[in-house]
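> Got a structure for you, written out below as structure tokens; questions coming shortly.
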Amino acid sequence: MAAALLEDFGRGDARAREESWRYSKMALRSLAQQEFVAANADAELPETLRAQFDWQATRGRRVVVVNGAVSERYSDFADVGSMVTVAETGGTYAVRIDGKIDEPVQVVYVNLPSAQPSRWQTNTSMVIVNGFATLVEQHVGLDGAGVLGASRRRIDVGEGARLDLISLCDLPESVSLYRLLDVHLAAEATLRATHVLLGGRLQRLDMQVELAGEQARLESRGVFALRGRAHVDTQLDIRHVARDTACDIVWRGIADQRARGIFHGAITVAEGADGSDAKLSNKNLLLSPQAEIDTQPVLEIYADEVKAAHGATVGQIDERALFYLRSRGIPLADARRMMVTAFCREVLDGITDQDLRNRLGGLLMPHVDGGSS
């Protein structure tokens, strides 16, 4: 069963799959010991769960996916007119955005448990043509019998278009989720992606971006904040193919108690991609002696006249800064919380929508309460 999951969730040949799951193989093997049935896509959502994604700011522009299937019952997609179309063909949901949408569009993935462990998957293709959109992707769920979800998405951002992608995964400890995000950026296209990963038994994010057109740009921000025995594995694969492309990647990781986080950030500047500008920064904070974070930045350059920088750190809270705050009369728990929150701030500051930024910050707070006492 573990080999079957690796086959389902791995990319490349057998050796590449083994290598990419090297730090998470034990978590995958533990998951494979369960026998899964097909998840119920017609399940009714309790009001407490609906309240987690019923944001006033996205009413009229919301698609709800329950255990892998779009739910007309819970979706609310009345306010986008002809600029957004959603169609289902052969099990793949195709979304097309043509024009400028000033308000965010929300896609909610709900993980609802059955009486026994269950599994779902969904495939989505998205095309952004001559326009601008903000897409809020939210993953929620209820605790119970284990749920294993798999979401695969292809995004094509057309020439001169821009997509702001804000992704929030706040999962209970019984839910596991695999996500593949495959992005193609045309000339002068821009993707600004912010990911916040919280909770879950096993979360895996594979994000591969090809800067295929000249002057394409990627801005990637992300943070995972983990407690208990949560396990998050983030794999970024960024490829500069055309001239004068740019990527700016900033990720933060926090692990407390017995949680484990993995970050792999690979940037490749291909032959002929002269003038590329590539930056990657990954900083991580351990709040417990039992917590673990593994980070692996990779940079490969095969072109000339390139600007590139990458770096990664793993450390603990600065005791001198903590002492300074306490000397100003701030209680220990509050001082730790302030420092951990500030550590994450750079990730959220890039979100221009104030309401969204406040919501994400509020959801992040319980996971960064200052660490183990």
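The values are calculated or read from the model by the stated rules, or taken from the named source; none is laboratory data. Values in this document were obtained by computation on a predicted structure and should not be read as measured data. Quick reminder, even Gly has a Cβ in these numbers, built from the backbone with ideal geometry, and neighbours come from all protein chains shown. These accessible areas exclude ligands, DNA and RNA; they are computed on the full protein's heavy atoms, side chains included. Shrake-Rupley method; radii C 1.70, N 1.55, O 1.52, S 1.80 Å.
> For region 234-254, which residues satisfy the criterion of being basic (Lys, Arg), open to solvent by 20 Å² or more (accessible area, probe 1.4 Å) and under 23 Å from VAL196 (Cα atoms)?
If the condition is that a residue be basic (Lys, Arg), open to solvent by 20 Å² or more (accessible area, probe 1.4 Å) and under 23 Å from VAL196 (Cα atoms), then ARG239 is the only one that fits.
> Kindly check whether there is at least one residue in region 296-319 that is open to solvent by 70 Å² or more (accessible area, probe 1.4 Å) and in contact with a Leu (Cβ under 6 Å, 6 or more places away or on another chain).
Looking for residues that are open to solvent by 70 Å² or more (accessible area, probe 1.4 Å) and in contact with a Leu (Cβ under 6 Å, 6 or more places away or on another chain), one finds at least one in region 296-319, hence yes.
> Out of (1) at pLDDT 95 or above; (2) of a type outside the set (Ser, Thr, Tyr); (3) open to solvent by 30 Å² or more (accessible area, probe 1.4 Å); (4) over 19 Å from ALA133 (Cβ atoms), what's the single condition that is false for GLU219?
Exception for GLU219: condition (4).
> Scan region 252-276 for residues that are touching a His at 6+ places or on another chain (Cβ under 9 Å) and either more than 27 Å from VAL306 (Cβ to Cβ) or of a type outside the set (Val, Ile, Thr) (or both) and jot them down.
If the condition is that a residue be touching a His at 6+ places or on another chain (Cβ under 9 Å) and either more than 27 Å from VAL306 (Cβ to Cβ) or of a type outside the set (Val, Ile, Thr) (or both), then ILE254, ASP256, ALA259, ARG260, GLY261, ILE262, GLY265, ALA270, ALA273, SER276 are the ones that fit.
> Tell me which residues, restricted to region 178-198, are open to solvent by 10 Å² or more (accessible area, probe 1.4 Å) and more than 10 Å from the chain's Cα centre (by Cα).
Across region 178-198, the qualifying residues are ASP182, HIS184, ALA186, ALA187, GLU188, THR190, ARG192.
> Could you say which residue among ILE293, ILE267, ILE262 is in contact with a Phe, Trp or Tyr (Cβ under 7 Å, 6 or more places away or on another chain), assigned to a strand (DSSP E or B), at negative phi and of a type in the set (Val, Ile, Thr)?
The conditions single out ILE262.
> Any idea which residue in region 306-327 is farthest from ALA291 (Cα to Cα), counting only those that are free of Cβ contacts under 8 Å to residues at least 24 places away in the same chain and small (Gly, Ala, Ser)?
The selected residue is SER327.
A quick yes/no check of all residues on (1) under 13 Å from the mean Cα position of the chain (by Cα); (2) under 30 Å from ALA145 (Cβ atoms); (3) open to solvent by 30 Å² or more (accessible area, probe 1.4 Å); (4) not hydroxyl-bearing (Ser, Thr, Tyr):
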position	(1), (2), (3), (4)
SER176	no, yes, no, no
ARG227	no, yes, yes, yes
VAL232	yes, yes, no, yes
ASP256	no, yes, no, yes
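> Additional query: If I go through region 11-25 residue by residue, how many of them are in contact with a strand residue (DSSP E or B) (Cβ under 9 Å, 6 or more places away or on another chain) and at pLDDT below 90?
2
> Something else: Give the number of residues within region 321-362 that are farther than 30 Å from LEU191 by Cα, outside any helix (DSSP H, G or I) and open to solvent by less than 90 Å² (accessible area, probe 1.4 Å).
So the first thing to find is which residues in region 321-362 are farther than 30 Å from LEU191 by Cα, and the list is 321-338.
Retained after the next criterion (residues that are outside any helix (DSSP H, G or I)): 328-331.
Now drop any that are not open to solvent by less than 90 Å² (accessible area, probe 1.4 Å), which leaves 329-331.
Residues in region 321-362 being farther than 30 Å from LEU191 by Cα, outside any helix (DSSP H, G or I) and open to solvent by less than 90 Å² (accessible area, probe 1.4 Å): 3 in total.
> What tally of residues in region 21-43 results from selecting those that are open to solvent by less than 30 Å² (accessible area, probe 1.4 Å) and either at positive phi or under 22 Å from the mean Cα position of the chain (by Cα) (or both)?
Of the residues in that region, 5 qualify.
> Select from region 124-152 the residues that are open to solvent by 10 Å² or more (accessible area, probe 1.4 Å), of a type outside the set (Gly, Ala, Ser) and in contact with a strand residue (DSSP E or B) (Cβ under 6 Å, 6 or more places away or on another chain) and write down the one among them that is modelled with the lowest pLDDT.
Restricting to residues being open to solvent by 10 Å² or more (accessible area, probe 1.4 Å), of a type outside the set (Gly, Ala, Ser) and in contact with a strand residue (DSSP E or B) (Cβ under 6 Å, 6 or more places away or on another chain), the top hit is VAL129.
> Being within 20 Å of ALA342 (Cα to Cα), hydroxyl-bearing (Ser, Thr, Tyr) and touching a residue at least 24 places away in the same chain (Cβ under 8 Å) is the requirement here; does THR194 meet it?
When the stated conditions are applied, THR194 passes them.
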